[in-house]
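The values are calculated or read from the model by the stated rules, or taken from the named source; none is laboratory data. Here the structure is a predicted model, which means the values were calculated and not measured. Glycine also receives a Cβ, built like all others from the backbone with ideal geometry; neighbour counts cover every protein chain displayed.
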Amino acid sequence: MRKDPKHLNVSIVLFKNDIEDVKNAIQSSLHSELINKLYLIDNSPTVEFESLNNIDKRIIYIFNNSNLGFGKAHNIALRKTIEEGISYHLVLNPDVYFKNGVLEDLYKFMEENKDVGLVAPKILYPSGEIQYQCKLLPTPFDLFGRRFLSFWPLKKYIDRRNEIYELRFTKYQKIMDVPSFQGSFLFIRTNILKQAGLFDERFFMYLEDIDLCRRIKKISRTIFYPYAEIYHTWERGSYKNKKLLLYHIVSAVKYFNKWGWLIDKERKKINYDTLKQFGFH
C-alpha cells in the first residue's frame with residue numbers, strides 16, 4: 001500500500017482536557033505517515049494547549065476563545081479538509097489512543113470498499129473491556145428510558161432492550177453495517193461528507209454524532225470494522241454531571257424534533273434492515 005501523506009486529516013476538539021490524554025491521542029495519530037494535518041480545535045478558556053503545536057509540524061492549533069460545542073468546533077477542521085481536497089477525515093476524541101497500524105488498516109479498508117462513507121473500529125476501555133458503541137437509530141425510549149427508568153422492575157426490560165439497541169448480541173466480532181456510532185472515532189470519506197453535510201451546529205453537545213451518521217447512512221454504507229481496535233478512557237459524563245445531563249436532554253429533544261419522535265418511518269426501515277442482516281425479521 002502506498003502511503004501518501006495527503007490522504008488523511010484529523011481533528012481533536014479540546015476543552016479543559018487532561019494534557020497527557022491529549023498527547024497520547026496526538027502521538028497515536030502522528031505515528032502514521034498517512035496524516036496530512038492534525039487540527040487541535042481548542043474550546044478551552046485559556047491557551048494552555050498551545051504548546052502542543054510544537055510536537056510536530058503537521059499540528060495546526062486553533063484557539064476559539066469560547067466553547068463552540070463539539071460539532072461546531074469539528075466543523076472548522078472539516079471545512080479545511082474539504083477545501084484542501086484531502087480524501088479522508090478522522091474525528092477523534094482527546095481521550096482516545098491506539099497502536100501503530102490502526103489508521104493504515106482503516107484506510108486500506110476504505111480504499112477497497114468505495115461504497116463505504118464511514119468506518120468505525122472496535123472501541124475498548126483501557127482494561128480491554130468492550131464499549132458498546134454500535135447502535136440502532138434511537139427511539140425516545142432508548143435515550144430517555146435507559147437513563148431514567150433503569151431500576152426494578154423495569155431494569156430487566158431495559159437490559160434486554162440494550163442487547164438489541166447496542167447490538168450486544170453480535171459480540172462485535174465481525175464487519176457489520178451499523179447506522180450510528182459514538183463520535184469518539186469516526187473515519188469519514190470526504191466526498192461523502194460533502195454530500196451529507198457537516199455536523200449540525202444546532203447540537204451543542206451529544207447526538208450530533210448520531211445525526212451525522214444517519215445522514216451519511218442515507219447515501220453510503222456506515223461500517224463497524226472489528227479488526228482495528230482503539231482505547232477510549234470514556235467516563236459517561238452526563239451520568240455524573242448535571243450540566244452535561246442537561247446538554248444531553250436538550251440535544252435529544254432537538255434530535256427527535258428534527259427526525260421524529262414516535263413516528264419516524266426512515267428510522268424504522270433502517271433499524272429493520274440493520275437487524276435483518278442478523279436474521280431478525
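Of the listed requirements (1) without any contact (Cβ under 8 Å) to a residue 12 or more places away in the chain; (2) within 21 Å of the chain's Cα centre (by Cα), Thr46 misses just one: (2).
Within region 194-208, restricting attention to residues that are among the aliphatic types (A, V, I, L, M) and in a loop (DSSP other than H, G, I, E, B), the residue that is farthest from Gln182 (Cα to Cα) is Leu198.
Any idea which residue in region 107-131 is farthest from the chain's Cα centre (by Cα), counting only those that are assigned to a helix (DSSP H, G or I) and not basic (Lys, Arg)? Ranking the candidates gives Glu112 first. Residues that are farther than 21 Å from Tyr132 by Cα and either part of a helix (DSSP H, G or I) or aliphatic (A, V, I, L, M) (or both) within region 80-104 comprise Lys80, Thr81, Ile82, Glu83, Glu84, Ile86, Glu104, listed in sequence order. Residues of region 45-59 that are surrounded by fewer than 17 Cβ atoms within 10 Å (Cβ to Cβ) and farther than 23 Å from Ile230 by Cα: Pro45, Thr46, Val47, Glu48, Glu50, Ser51, Asn53, Asn54, Lys57. When region 60-84 is limited to residues that are farther than 17 Å from Ile35 by Cβ and polar (S, T, N, Q), the one that is surrounded by the most Cβ atoms within 10 Å (Cβ to Cβ) turns out to be Asn75. For Ile41, the conditions (1) part of a helix (DSSP H, G or I); (2) within 17 Å of Val22 (Cβ to Cβ); (3) not acidic (Asp, Glu) are fulfilled apart from (1).
Here's the yes/no breakdown for (1) in contact with a Gly (Cβ under 9 Å, 6 or more places away or on another chain); (2) within 13 Å of Thr222 (Cβ to Cβ); (3) modelled with pLDDT of 95 or more:
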residue	(1), (2), (3)
Pro153	no, no, no
Arg161	yes, no, no
Ser184	no, no, yes
Asn191	yes, no, yes
Leu198	yes, no, yes
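Matching residues to (1) at pLDDT below 95; (2) in contact with a strand residue (DSSP E or B) (Cβ under 6 Å, 6 or more places away or on another chain); (3) farther than 17 Å from Leu92 by Cα:
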| site | (1), (2), (3) |
| --- | --- |
| Gln195 | no, no, yes |
| Ile210 | no, yes, no |
| Ile216 | no, yes, yes |
| Tyr227 | no, no, yes |
| Lys240 | yes, no, yes |
| Trp259 | no, no, yes |
| Arg267 | no, no, yes |
| Thr274 | no, no, yes |
| Phe280 | yes, no, yes |
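Looking at this structure, is Tyr255 aromatic (Phe, Trp, Tyr), more than 21 Å from the chain's Cα centre (by Cα) and assigned to a helix (DSSP H, G or I)? When the stated conditions are applied, Tyr255 does not pass them.
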